[in-house]
Amino acid sequence: MPTTPQAPTSDLLALDQVRSRLANLLPRWAVVGDALQRVVRTGDWKGTLMAVNTIGHLAEAAWHHPELQVAYDRVTIRLSTHDAGGITEKDLALAERIESVLMWRPGSAPGAVLSGTPDDAAHRYIVYD
């Protein structure tokens with residue numbers, strides 16, 4: 001019979017350590033209560049659904065599940081390790097992965113083969129901040 005993978009209980013990080021890491025690596029994320037939080041703005045409902053599905057895939061692959069608040073033009077992401085009672089390395093690692101994938105702009109790299117979406121509100125599905 002298959003078993004469900006169980007992640008080891010993680011150690012809580014000190015608040016000053018979390019804030020320092022956010023300032024250096026994830027400036028658009030904040031500590032809100034006992035969780036990391038980020039609001040991703042989208043162009044519309046279609047963009048919101050694409051963002052939610054992307055976050056869902058990353059979270060499931062990592063076996064670490066965020067709380068999402070979904071609205072027409074935004075997704076609020078909250079990451080906390082519930083069994084540890086707060087923010088752990090797992091939360092920071094998933095936040096970094098979410099940030100790198102959602103904010104990826106293929107056309108921004110020199111010599112990029114992939115052009116990325118046009119910089120036009122009619123085609124925008126993520127608001128790059």
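Can you spot a residue in the stretch 56-68 that is under 19 Å from Glu89 (Cβ atoms), of a type in the set (Asp, Glu) and either open to solvent by less than 70 Å² (accessible area, probe 1.4 Å) or under 12 Å from the mean Cα position of the chain (by Cα) (or both)?
yes
For the stretch 32-49, does any single residue satisfy the condition of being open to solvent by 60 Å² or more (accessible area, probe 1.4 Å), under 27 Å from Arg124 (Cα atoms), in a helix (DSSP H, G or I) and free of Cβ contacts under 8 Å to residues at least 12 places away in the same chain?
Scanning the stretch 32-49, I find at least one residue that is open to solvent by 60 Å² or more (accessible area, probe 1.4 Å), under 27 Å from Arg124 (Cα atoms), in a helix (DSSP H, G or I) and free of Cβ contacts under 8 Å to residues at least 12 places away in the same chain, so the answer is yes.
Suppose we filter the stretch 1-19 for residues that are over 16 Å from Gly86 (Cα atoms) and either modelled with pLDDT of 95 or more or hydrophobic (A, V, I, L, M, F, W, C) (or both); how many remain?
The initial filter retains those residues of the stretch 1-19 that are over 16 Å from Gly86 (Cα atoms), namely 1-6.
Adding the requirement that they be either modelled with pLDDT of 95 or more or hydrophobic (A, V, I, L, M, F, W, C) (or both) leaves 1.
Residues meeting the conditions: 1.
Got a sec? Which of Ser108, Ser100, Ser80 is modelled with pLDDT under 95 and within 25 Å of Asn24 (Cα to Cα)? First the steps, then the outcome.
Details: Ser100 fails: modelled with pLDDT under 95; Ser80 fails: modelled with pLDDT under 95.
None of the others qualify; the one that does is Ser108.
Considering only residues of the stretch 95-124 that are outside any loop (DSSP other than H, G, I, E, B) and among the small types (Gly, Ala, Ser), which is nearest to Val39 (Cα to Cα)? Can you show your working first?
Here is the first cut: in the stretch 95-124, the residues outside any loop (DSSP other than H, G, I, E, B) are 95-102, 106-108.
Subset that is among the small types (Gly, Ala, Ser): 95, 100, 107-108.
Numbers: Ala95: 12, Ser100: 15, Gly107: 23, Ser108: 22 Å.
Out of the qualifying residues, it is Ala95.
Could you run through the stretch 67-85 and say how many residues are without any contact (Cβ under 8 Å) to a residue 12 or more places away in the chain and outside any loop (DSSP other than H, G, I, E, B)?
Pass one, the stretch 67-85, residues without any contact (Cβ under 8 Å) to a residue 12 or more places away in the chain: 69, 82.
From what is left, the residues that are outside any loop (DSSP other than H, G, I, E, B) are 69.
Counting residues in the stretch 67-85 that are without any contact (Cβ under 8 Å) to a residue 12 or more places away in the chain and outside any loop (DSSP other than H, G, I, E, B) gives 1.
Output the number of the condition that Ala14 fails; it satisfies all remaining conditions of (1) under 21 Å from Val127 (Cα atoms); (2) out of contact with any strand residue (DSSP E or B) (no Cβ under 7 Å at 6 or more places or on another chain); (3) open to solvent by less than 60 Å² (accessible area, probe 1.4 Å).
The failed condition is (1).
For Leu92, which of the numbered conditions (1) in a helix (DSSP H, G or I); (2) open to solvent by 30 Å² or more (accessible area, probe 1.4 Å); (3) at pLDDT 95 or above fails to hold?
All conditions pass for Leu92, except number (2).
The values are calculated or read from the model by the stated rules, or taken from the named source; none is laboratory data. None of the values given here were measured: they were computed from a predicted structure. FYI the Cβ positions are ideal-geometry reconstructions off the backbone, even for glycines, and counts take in every protein chain you see. Ligands, DNA and RNA are excluded from the accessible area calculation, which covers all protein heavy atoms including side chains. Shrake-Rupley method; radii C 1.70, N 1.55, O 1.52, S 1.80 Å.
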